[in-house]
1. When the residues of the range 73-86 are filtered to those that are out of contact with any Leu (no Cβ under 8 Å at 6 or more places or on another chain) and loosely packed, with under 15 Cβ neighbours inside 10 Å, which remaining residue is modelled with the highest pLDDT?
2. Give the residues of the range 174-200 that are closer than 30 Å to A113 by Cβ, surrounded by 11 or more Cβ atoms within 10 Å (Cβ to Cβ) and of a type outside the set (V, I, T), sorted by residue number.
3. For the range 56-71, which residues satisfy the criterion of being touching an Asp or Glu at 6+ places or on another chain (Cβ under 8 Å) and either in the same structural domain as E167 (by TED's automatic domain parsing) or part of a loop (DSSP other than H, G, I, E, B) (or both)?
4. Could you list, ordered by first residue, the pairs with Cβ atoms under 9 Å in which the first is in the range 76-97 and over 21 Å from S203 (Cβ atoms) and the second is hydroxyl-bearing (S, T, Y) and at pLDDT 70 or above, at least 6 apart or interchain?
5. Any chance the range 71-78 includes a residue that's among the hydroxyl-bearing types (S, T, Y) and more than 27 Å from R120 (Cα to Cα)?
6. Taking the condition modelled with pLDDT of 90 or more, in a helix (DSSP H, G or I) and either farther than 30 Å from Y207 by Cα or touching a Pro at 6+ places or on another chain (Cβ under 9 Å) (or both), does S107 pass?
7. On the given criteria, is E163 surrounded by 13 or more Cβ atoms within 10 Å (Cβ to Cβ) and either in the same structural domain as L116 (by TED's automatic domain parsing) or in contact with a Cys (Cβ under 7 Å, 6 or more places away or on another chain) (or both)?
8. Could you tell me which numbered condition S19 fails, if it satisfies all but one of (1) surrounded by 14 or more Cβ atoms within 10 Å (Cβ to Cβ); (2) at pLDDT 95 or above?
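The values are calculated or read from the model by the stated rules, or taken from the named source; none is laboratory data. These numbers come from a predicted model, not from an experiment. We place every Cβ from the backbone using ideal geometry, glycine too, and count neighbours over all the protein chains shown.
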Amino acid sequence: MLKCIAIDDEPLALRQVTSYIAKIPYLQLVASCSNALEAQSLLAAQSVDLIFVDINMPDLNGVDFVRTLTERPMVIFTTAYSEYAVEGFKLDAVDYLLKPFGFADFSRSVAKANSLYELRNNQRNAAAAEPASEAEPKDREYISVKADHKVSLVRIAEIVYLESEGEYVRLHLADGSAITTLFRLKNMEAALPSEQFMRVHRSCLLYT
């Protein structure tokens, strides 16, 4: 069950989102908020898994609101202004719904969020169940990577470069293959030997 909140300063739009949430069996609406400041107070007291937030709001817009969150849940932006899409995805939003949207579009976005939620949980459970010797080899020649519902050891010297894809990192290997794993680039950078990798772009690490 995904705990979620809906934020929109337009009463009709807020009612639409909350009615859609009620139709999805794995969503639990914790609260609906008419502005981002109200949502900030709510999130200070409890955590949620998913936020539906309008972008164009008074006082504090949706993009700036999400930037203020230190513990950031999954985010689905809703707005009538398509020019905000790029800013939304820069914040690793799960999706971006352009108003007016119907239940079919809404349910597709929610399905993406649920898949990401389940993938993260599976990754945490797998990491907790594995011996430390597999996840963190003592010789540091390998790094453990979870992809396609399994954990594999990748030889660090075989990594040509790594690129960020939002919540994911794609590892490009010397044999021409690539592995995509649910992992932020900054966390992957911390796990790799710093003397062997150089950040050449904010979304790219190069093996040196």
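1. The extreme case among them is Y81.
2. Residues satisfying the conditions are A178, L182, F183, R184, L185, K186, M188, E189, A191, L192, R199.
3. Across the range 56-71, the qualifying residues are M57, P58.
4. Hits for this filter: I76/Y96; I76/S109; T78/Y96; T79/Y96; S82/Y96; L97/T78; L97/T79; L97/S109.
5. no
6. Taking the combined requirement at face value, the residue satisfies it.
7. The answer is yes for E163.
8. The one condition S19 does not meet is (1).
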